[in-house]
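Read the figures in this text as sums done on the coordinates, not as results from a lab. All figures in this text were calculated on a predicted structure; none of them were measured in a lab. In this analysis, Cβ positions are derived from the backbone assuming ideal geometry, glycine residues included, and neighbour counts consider all displayed protein chains.
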Amino acid sequence: MTPSSADLRSFLAQVRSARPSDLLEVAREVDPNHETAAILAVLEARQRSPILYFHRVRGCEWPLVTNVCGSLGRLALGLGCGLKEVAARYADAAHRPIAPVVVEQGSVHEVVLEHDAVDLHRFPALRYHEDDAPQPYLTAAIVVARDPDDGVTNLSYHRLMIASRNTTGIYIEPGRHLDGIVAKHAARGTDVPVAVVLGTHPAWSLGALYSGPAATDEYDVIGGMLGAPLPVVRCHHDPALRVPASAEFVLEGRIAVGERMDEGPFGEFTGFGTGRTHTPVLHVERMCHRAQPIVQDIVSGHLEHLMLSMPALEHRALRDAKAAAPGVVKVALVAPLTVVVALRKHDDEEPARIADALLRDVYGKIVIVVDDDVEPTDLARVLGAVALSCQPHEQLRVVQGLRGTPLDPSCPDDRGQGSKLAIDATRPLRPRRAVTRNRIPQAVLDRIDVAELLGKK
Ligand SMILES: Cc1cc2nc3c(=O)[nH]c(=O)nc-3n(C[C@H](O)[C@H](O)[C@H](O)COP(=O)(O)O)c2cc1C
């Protein structure tokens, strides 16, 4: 496989040969109504997170894969790096973008259906959680749109609620680039041409989730992830829109200006449902797919949902934290909306500056800054630092009036407004009183022979 021929199928083949226990093929018929989600949940509870390849899904002519990116090992495999190098590979790709290459023909155009032939009910009628809306969802959909001012392409995941043969509700959080693109079109009174890509290689998914300045074309970031230009084909309804040539499905259509529909409820990544929302409407005018396509899905609120966003969110948090204080050495998202920053501190104001920068992010609700001798993923150490390095009346701050996410179930309203928390759990550069850390002399530690002690010598 060359990097430019990477797609969902090549990745599934790679997993089958390199990590066979990471791919579980389910030959019996499964019910898309809760059962595929239940199978994933039961395996996850047993610490197993393979790709699930469902060959027969009730009511659907196509096979279904879910949990493609549900393990760090698979993300690393998809990026061609080691487990510990995912963050560095991600940063590399963002700093060394490679523009896509437009090709004339793509396997995604093997079948092209237009207008009345479009039927979204051919997708499996997937429902995950008890309180979800009765309408089925597409959850692994990457939406492609262009900024009408500068023509830059934006890619982002959006849950799509299938509302009819050719319409979906599209959930767009306030402040997202797509939200801005929709607003610009609304101001001009024009619909937003979009394409929806389904069935992707992990590098495409991670690139789509890149969240940098609006002027960054995420196809270039995907090229950076692959180390080669991504082959793309032009859309029919808007040739300026490009889509990966070997995606499994592409839906071409438009978000209608001024039109809204009721959407949800839907169980989100936090483990809680969003209630009913009033979302824009996506009209699908053309449905393209490979001759024997594979439908891709992400079970909402489970490992893959969190895992996929992690490299992009940590990359963004590291960038913003470093801009606030150059001594930042590591960041870790340890729980939803919670980031821990390890800092080699140069002045005692730095933790507050870092917290201010990260709390501006809608997904930054709790920021804990620790010294660089604390591993930020080790929660016991982090809480130990909060307890032992921090005087709450001075080092703990509640901030009000910043925008959060309406997906946070504790928010009192659905605008995402609420309060946030900054904890400076670093030791003061000038200790208030003399304290010493417990230490056994290194020379004595070095003399201890464990094998001798355990009688193995
Ligand atoms: C599986 C998955 C589903 C997502 N669903 C939505 C969604 O329905 N609406 C939304 O606004 N963002 C959703 N997101 C988050 C955005 O796609 C993501 O933050 C993206 O990077 C935003 O792009 P932007 O920074 O260009 O605005 C989802 C992310 C993942 C991984």
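Structural remarks
- Within region 218-238, considering residues that are under 20 Å from ASP149 (Cβ atoms) and more than 11 Å from the ligand (Cβ to nearest atom), the one surrounded by the most Cβ atoms within 10 Å (Cβ to Cβ): TYR219
- When residues of region 51-66 are limited to those that are part of a strand (DSSP E or B) and under 25 Å from the mean Cα position of the chain (by Cα), the one surrounded by the most Cβ atoms within 10 Å (Cβ to Cβ): PHE54
- Residue within region 282-303 that is over 20 Å from the mean Cα position of the chain (by Cα) and within 14 Å of the ligand (Cβ to nearest atom) present: yes
- All helices (runs of 4 or more DSSP H) inside region 353-457 with 1 or more residues being surrounded by 20 or more Cβ atoms within 10 Å (Cβ to Cβ): 379-389
- Candidates ARG242, ARG260: the one that is free of Cβ contacts under 8 Å to residues at least 60 places away in the same chain, in contact with a Pro (Cβ under 7 Å, 6 or more places away or on another chain) and away from the ligand (no atom under 13 Å from the Cβ) is ARG260.
- Residue match in region 331-350 (condition: in a helix (DSSP H, G or I) and either crowded, with 21+ Cβ neighbours inside 10 Å or at positive phi (or both)): yes
- Residues of region 1-42 satisfying the condition of being free of Cβ contacts under 8 Å to residues at least 12 places away in the same chain and touching a Leu at 6+ places or on another chain (Cβ under 9 Å): ARG16
- Unmet criterion (only one of (1) within 14 Å of the ligand (Cβ to nearest atom); (2) buried (at least 23 other Cβ atoms within 10 Å of the Cβ); (3) within 20 Å of the chain's Cα centre (by Cα)) for ASP320: (2)
- Looking only at region 1-50, and only at residues there that are among the hydroxyl-bearing types (Ser, Thr, Tyr) and not in a helix (DSSP H, G or I), the one that is surrounded by the most Cβ atoms within 10 Å (Cβ to Cβ): SER49
- When each of PRO174, PRO148, PRO193 is tested for being over 17 Å from VAL250 (Cβ atoms), surrounded by fewer than 24 Cβ atoms within 10 Å (Cβ to Cβ) and more than 10 Å from the ligand (Cβ to nearest atom), the lone residue that passes is PRO148.
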